[in-house]
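Take a look at the structure below.
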Amino acid sequence: MTIYIYNTLSRKKVKFVPLAPDRVNMYVCGPTVYDSCHIGHARSVIVFDVIVRYFKARSYQVKYVRNFTDVDDKIIRRANLLGMDTQAVADKYIKEFYDDMDALNVDRPDEDPRVTDSIDHIVQMITRLVEKGCGYHVGGNVYFAVESYSEYGKLSGRRLEDMEAGARVDIDRKKRNPADFALWKASKPGEPFWKSPWGPGRPGWHIECSAMSWQLLGETFDIHGGGKDLIFPHHENEIAQSEAAFAKPYAKYWMHNGFVNINQEKMSKSKGNFLMIKDILKTYHPEAVRLFLLSNHYRSPIDFTDQALKEATLRLDKIYTLAQRVEKIKGVLSGSHLFEDNPFWNRFCQAMDDDFNTALAIGFLFDLLRNTNRLSDQVQASPSDDVSLIPEIQSNYAALYAMGEIIGILTQSPHNYFAAQKTDKLEERSVDPQAVDDLVAQRTQARQAKDWAVADKIRQRLDDMGVQVEDRPEGAVWRIAK
């Protein structure tokens, strides 16, 4: 099977052909670490985490780089506000970032460079641009001359003559063209700085990623990713300075994820609707958050609502319930479980091959759930436990976990998943889980003795405690009412 990717650069879906056979080099723009991470950060990180996981599942060797911008105007302002050193601020929020991403089951990248550790490569690249006449030095600042790069605007589709200064493009009368952007900024009192041929200062925003990707992936690599908000000016400027410096294509494929809206409104600090990951995880299971963020195609916007997260939680419950049910069927967990020819796995892969369509792929995962529940019903309804269906259930079970590995779910045993949920909810209601187990056992005994009046009374007590009981062929199970 062939993977197809929507390439922002060509504005169409194209066949993925890596620069080197069976290898993928990928760079994704990481956070500017001046504050806690919000749900928008989580979407971008999870999207590219899943893309890396899928490439690996398809037997590609992947080198994945995601950076930290740890020196920036926002970091400097936050440091001044908190009375801290800028590096201490960056360290604090990098730790928070990884705490959040670890909780969300995000795999670490192969490299996570910081700007402050890459100054030598940044200076080397700026020097190269100045020597080639693409950069110019004015009063301790160095600017990139956009008119020196004839293809400027090819990623965003903007024409240079139509552009106006704005969106992180400094308005500076010293610049030859308002669209010229800073490669190096002269130091100001109280700001961190590094030595350079143009005097003390610090890097401009755009040069950072060009230098770090060059340092770790070379002059040309396969995939560059990030949020749609980075297409212009950040990624446009990365292309200009990198291709001007090395006279080679920068990244072959450009991928951009859509935004997260909050209750159908754009997320914005001015509206006060920024949702921090650490706060969301106090209410919702991290795997439910992943399932929600992957429920739309990565290029489309997604609307965060409490209802959407509750629905994702219910869907996650169904996945774990199926896993729990299958594990109780005699003979299912014995022997090797082959899933490569499983029809649901193949459909899942077809969806992922089509520009990593997780929304469709998750739909096939739930088709597998329905099929496996039907097969399980047939096995458990048979007096002799029909073993002829066991291989198919085994294949589905293995395919389910293979899908879960790519989506980033099913990291807990079903027992631990439900036990943790019960404990959390019972503590909220001051209910003893052992007492619930005892009542369920008493009800089962009453039902076996056909003492329906006692069974009904116990069920009513459980209902009053907010406990739902489900009678299954393999026995009664209970959960906390939503």
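The figures follow:
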read-out: Any chance GLY199 is out of contact with any Lys or Arg (no Cβ under 7 Å at 6 or more places or on another chain), of a type in the set (Gly, Ala, Ser) and more than 17 Å from SER10 (Cα to Cα); value: yes
read-out: Test: HIS256 is within 16 Å of GLY40 (Cα to Cα) and in contact (Cβ under 8 Å) with a residue 24 or more places away in the chain; value: yes
read-out: ALA42, sole failed condition from (1) in contact with a Pro (Cβ under 9 Å, 6 or more places away or on another chain); (2) under 21 Å from ASP355 (Cα atoms); (3) surrounded by 22 or more Cβ atoms within 10 Å (Cβ to Cβ); value: (1)
read-out: Neighbours by Cβ (under 8 Å, 6+ apart or cross-chain): first from the stretch 341-355, within 14 Å of PHE366 (Cα to Cα) and without any contact (Cβ under 8 Å) to a residue 60 or more places away in the chain; second outside any helix (DSSP H, G or I) and among the aromatic types (Phe, Trp, Tyr); value: TRP345/PHE339
read-out: Selection from the stretch 254-293 of residues that are part of a strand (DSSP E or B), more than 26 Å from ILE223 (Cα to Cα) and either aliphatic (A, V, I, L, M) or under 12 Å from the mean Cα position of the chain (by Cα) (or both); value: ILE262, MET276
read-out: From LEU230, LEU216, LEU155, LEU160, residue being in contact with a Pro (Cβ under 9 Å, 6 or more places away or on another chain) and either at positive phi or not acidic (Asp, Glu) (or both); value: LEU216
read-out: Residue within the stretch 163-179 that is modelled with pLDDT of 95 or more and on the phi < 0 side of the Ramachandran plot present; value: no
read-out: Qualifying residue in the stretch 236-253 (condition: hydroxyl-bearing (Ser, Thr, Tyr), out of contact with any Ser or Thr (no Cβ under 7 Å at 6 or more places or on another chain) and in contact (Cβ under 8 Å) with a residue 60 or more places away in the chain); value: yes
read-out: Subset of the stretch 467-480 that is of a type outside the set (A, V, I, L, M, F, W, C) and in contact with an Asp or Glu (Cβ under 9 Å, 6 or more places away or on another chain) - its residue that is surrounded by the most Cβ atoms within 10 Å (Cβ to Cβ); value: ARG479
read-out: Tally of residues being more than 17 Å from ASP110 (Cβ to Cβ) and not polar (S, T, N, Q) across the stretch 30-80; value: 24
read-out: Meets criteria (crowded, with 17+ Cβ neighbours inside 10 Å and under 20 Å from HIS224 (Cβ atoms)) for THR69; value: yes
read-out: Members of the stretch 69-111 found to be among the hydrophobic types (A, V, I, L, M, F, W, C), closer than 22 Å to LEU281 by Cα and not in a helix (DSSP H, G or I), listed by number; value: LEU104, VAL106
read-out: Residue count for the stretch 294-305, restricted to those that are in a loop (DSSP other than H, G, I, E, B) and surrounded by fewer than 16 Cβ atoms within 10 Å (Cβ to Cβ); value: 3
read-out: Exclusive hit being in contact (Cβ under 8 Å) with a residue 40 or more places away in the chain and within 18 Å of ILE277 (Cβ to Cβ), set TYR93, TYR64; value: TYR93
read-out: Flag if PHE232 is surrounded by fewer than 23 Cβ atoms within 10 Å (Cβ to Cβ), of a type in the set (Phe, Trp, Tyr) and more than 20 Å from the chain's Cα centre (by Cα); value: yes
read-out: Residue identified as among the charged types (D, E, K, R), touching an Asp or Glu at 6+ places or on another chain (Cβ under 6 Å) and under 30 Å from VAL387 (Cβ atoms) among LYS328, LYS252; value: LYS328
read-out: Where ALA103 falls short, out of the listed (1) in contact (Cβ under 8 Å) with a residue 60 or more places away in the chain; (2) buried (at least 17 other Cβ atoms within 10 Å of the Cβ); (3) touching a helix residue (DSSP H, G or I) at 6+ places or on another chain (Cβ under 8 Å); value: (2)
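Residue-by-condition table, conditions (1) surrounded by 13 or more Cβ atoms within 10 Å (Cβ to Cβ); (2) modelled with pLDDT of 95 or more; (3) in the same structural domain as ALA57 (by TED's automatic domain parsing); (4) β-branched (Val, Ile, Thr):
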residue: LYS330; (1), (2), (3), (4): no, no, no, no
residue: GLY335; (1), (2), (3), (4): no, no, no, no
residue: PHE344; (1), (2), (3), (4): yes, yes, no, no
residue: ASP354; (1), (2), (3), (4): yes, yes, no, no
residue: VAL379; (1), (2), (3), (4): yes, no, no, yes
residue: SER388; (1), (2), (3), (4): no, no, no, no
residue: LEU400; (1), (2), (3), (4): yes, yes, no, no
residue: MET403; (1), (2), (3), (4): yes, yes, no, no
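The values are calculated or read from the model by the stated rules, or taken from the named source; none is laboratory data. Everything quoted here is computed from the prediction, not taken from an experiment. Glycine gets a Cβ as well: all are built from the backbone with ideal geometry, and neighbour counts include every protein chain shown.
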